[in-house]
Amino acid sequence: MSPDERRAALVAALTEKGSLSPDWAPSVAAVPRHAFLPETIWADEGGGDAECTRSEEPERWLRLAYSDLPITTQWDDGADDGTRSTPTSSASMPTVVVEMLADLGAEPGHRVLEIGTGTGYNAALLSHRLGAEMVSTVEVDARVSARARTALRGAGYTPEVVCGDGSLGWGVRAPYDRIVSTVSVRHIPPAWLIQTRPGGVIVSPVSPLLGGGAVVRLRVDGEGTGSGRFTRSSAFMMLRQQRYEGAPVDDYLPGEWPGDSGRSWTELDPEAIGDDWLAQFACALALPDVYYRRNGFGEGWTWWLFDTAVTSWATVDSVPGQSWFEVRQSGPRRLWDEVEGAYRRWESAGRPGYERYGLTVTPAGQTAWLDEPGNLLK
Ligand SMILES: C[S@@+](CC[C@H](N)C(=O)[O-])C[C@H]1O[C@@H](n2cnc3c(N)ncnc32)[C@H](O)[C@@H]1O
């Protein structure tokens, strides 16, 4: 199959799925996704990310380019040491790209800022529909940015390509009617609010610290407050400036485990939260300053919970087949009790989906809510 035939098939598949609106179909039909991909790419067709090099497997490479799959294009911020632990740049999954464009509601006449140029493919779609002069895109990685600029020019699109930290937005062309981030944040950067005109929209994936993730659509008012609901689940890579390492365990527990912790038992298997992206997201929104690590032991897992203020920790042992799980908690906060409480509230609210949750963001911070902005999550 030729690239044109493959692209037409992708348009048909995305339309059939209900993801691609008639507004964006001509752009997806016109922009050659393969022209934005490098020689070597990685895609997961089942069994994990597998490498594919164009010169060695041209047919497979082209098939992947027009598959509804995310394509990894960089690992570990481009470290050339041969390790591949974390994907750090990609062409996002076409379904996600077009659904986020639908969330954005960008129309001809709108000035748009994209955060996370990546391959340049999304910037090309925006340029095709809105005109390149209405599109700016910011990428933090110099090599990725240069590559995207070349690919965009090669395909005939000349949006403004900026190499810089997208968490600062791009003030030069502000205000924008729309800001779309294709990289996930824990906190919506204040610059994005300031650079969006009143009535404008910000669409961004949000990944709270405890896990899960979803796309939020904020409308910005005349006071510079953004508020709106989540639209769908997401699993984007993190904005470089908002990655979170966490403090060493020793900072929480200077001696041997279990230290001064109190012991209790729970019927809730932490894996029930870890295995459910939505449940994890709901708990994470309610507890934005709590994070976890998971260590294997024997057949089970120990969940370690920590607060970012480094005051408290907890462990819960998840052992398959058990119905009671040992809990240890130390510090002024009872972190497992807080997580379990958030999970139980999510259950008793009828396991609300992403779209029942929302965010209100001011330059001073963000709050999460359920159903309406006054109903803050606890
Ligand atoms: C999922 S990729 C973007 C996909 C892209 N829109 C496309 O169409 O191919 C996320 C990108 O965000 C970039 N990124 C991470 N932190 C950033 C930041 N602070 N500012 C701008 N870009 C950032 C990464 O380097 C990566 O290239």
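Please report, ordered by residue number, the strands (runs of 3 or more DSSP E) entirely within the stretch 160-260 with at least 1 residues that are more than 14 Å from the ligand (Cβ to nearest atom) and of a type in the set (S, T, N, Q). Passing ranges, in order: 196-206, 226-233.
The numbered conditions (1) in contact with a strand residue (DSSP E or B) (Cβ under 6 Å, 6 or more places away or on another chain); (2) modelled with pLDDT under 95 are all true for residue 166 except (2). Annotation: residue 52 fulfils all but one of (1) farther than 14 Å from residue 10 by Cβ; (2) part of a loop (DSSP other than H, G, I, E, B); the unmet one is (2).
Sub-6 Å Cβ pairs linking a first residue in the stretch 120-142 that is in contact (Cβ under 8 Å) with a residue 40 or more places away in the chain and over 11 Å from residue 162 (Cβ atoms) to a second residue that is of a type in the set (D, E, K, R) and more than 8 Å from the ligand (Cβ to nearest atom), at least 6 apart or interchain, are 121/33, ordered by first then second residue.
Exactly one condition in (1) touching a residue at least 60 places away in the same chain (Cβ under 8 Å); (2) surrounded by 18 or more Cβ atoms within 10 Å (Cβ to Cβ) is not met by residue 87; state its number. Evaluating residue 87 over (1) touching a residue at least 60 places away in the same chain (Cβ under 8 Å); (2) surrounded by 18 or more Cβ atoms within 10 Å (Cβ to Cβ) leaves (2) as the failure. Considering the stretch 62-77, and only residues there that are of a type in the set (Val, Ile, Thr) and within 21 Å of residue 99 (Cα to Cα), the residue that is surrounded by the fewest Cβ atoms within 10 Å (Cβ to Cβ) turns out to be 72.
If you go through the stretch 203-254 and keep only what is closer than 22 Å to residue 373 by Cα and of a type in the set (Phe, Trp, Tyr), you end up with just 230. Which count do you get for residues in the stretch 13-33 that are among the basic types (Lys, Arg) and surrounded by 15 or more Cβ atoms within 10 Å (Cβ to Cβ)? Residues flagged as among the basic types (Lys, Arg) and surrounded by 15 or more Cβ atoms within 10 Å (Cβ to Cβ) within the stretch 13-33 amount to 1. Here the stretch 31-75 is the region considered, the condition is being more than 17 Å from residue 117 (Cα to Cα), within 16 Å of the ligand (Cβ to nearest atom) and hydroxyl-bearing (Ser, Thr, Tyr), and the residue that is farthest from the chain's Cα centre (by Cα) is 40. Checking the stretch 168-175 against the condition returns no match, with no residue being touching a Gly at 6+ places or on another chain (Cβ under 6 Å) and outside the structural domain of residue 279 (by TED's automatic domain parsing).
Put simply, of 135, 161, 183 the only residue that is within 24 Å of the chain's Cα centre (by Cα), under 16 Å from residue 36 (Cα atoms), buried (at least 18 other Cβ atoms within 10 Å of the Cβ) and modelled with pLDDT of 95 or more is 161.
When the strands (runs of 3 or more DSSP E) confined to the stretch 87-146 are screened for residues that are among the small types (Gly, Ala, Ser) and within 8 Å of the ligand (Cβ to nearest atom), those reaching at least 1 such residues are found at 87-91.
With respect to the conditions (1) at pLDDT 95 or above; (2) out of contact with any Pro (no Cβ under 7 Å at 6 or more places or on another chain), residue 85 falls short on a single one, namely (1). Does residue 191 satisfy the condition of being over 22 Å from residue 339 (Cβ atoms), among the hydrophobic types (A, V, I, L, M, F, W, C) and modelled with pLDDT of 95 or more? Judged against the criteria, residue 191 is a match.
The values are calculated or read from the model by the stated rules, or taken from the named source; none is laboratory data. These numbers were taken from a predicted model, which means no experiment stands behind them. Cβ atoms come from the backbone with ideal geometry, glycine included; neighbour counts cover every protein chain shown.
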